[in-house]
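Structure incoming, see below.
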Amino acid sequence: ALGGQSEASLQASFFVWLFYSYREIYDLTFAIPNGGTRNACEGAALKRQGVKRGVADIFMAYPSGGYSGLFIEFKVKKNKLTPEQTNFKKLVEEQRYCHVVCYNLDEAGTAVIKYFKGD
């Protein structure tokens, strides 16, 4: 596992791993740039454009195991889901999407492998 990584570097490492491990679905997987610190004007503009609090970091637009797609939320250290993230997880799971929270690259890789096996 990768120790003191930030969520951003963990996410970047995930995309490198995905490129070499699952090239066939790499192009169907994308980041949702919801996080980060922005000033009030930028935040208001993004909200008008449809950016929503709580949406997961990554989406894999590939159905498997009865799910329509896979959402991945990366967390580091002891960080937990925010109330908005917990609500988003509940909403997408009700719509037959898989949603996982991963704290390191090993967890993310295992989640992807299990997803594609239909587990």
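When the C-alpha atoms of the chain are aligned to their principal axes, what extent does each axis show, in angstrom, from largest down?
43, 34, 27
Given a Förster distance of 41 Å, report the FRET efficiency between Lys47 and Tyr26 from their Cβ-Cβ distance, rounded to the nearest 0.05.
Working from the Cβ atoms, E equals 0.85.
Something else: Output the relative contact order of the range 48-119, whole-number percent, from Cα pairs under 8 angstrom with separation of 6+ residues.
Working: 95 pairs, mean separation 25.7, N = 72.
About 36 percent, as a whole number.
If you stretched the chain out fully between Lys78 and Val16, how much longer would it get, using 0.36 nm times the residue separation minus the C-alpha to C-alpha distance?
Stretched fully, the Lys78-Val16 segment lengthens by 19.9 nm.
Starting from the residue with the highest accessible area, list Ser6, Ser64 in decreasing order, probe 1.4 Å.
Ser6, Ser64
Now, a different point. Can you tell me what share of the DSSP beta bridges in the range 1-111 is antiparallel? A percent to the nearest 5 is fine.
Looking only at bridges with both residues in the range 1-111, the antiparallel portion is about 60 percent.
The values are calculated or read from the model by the stated rules, or taken from the named source; none is laboratory data. This is a predicted model, so every value here is computed, not measured. Cβ atoms come from the backbone with ideal geometry, glycine included; neighbour counts cover every protein chain shown. Accessible surface areas use protein heavy atoms only, side chains included; no ligands, DNA or RNA. Shrake-Rupley method; radii C 1.70, N 1.55, O 1.52, S 1.80 Å.
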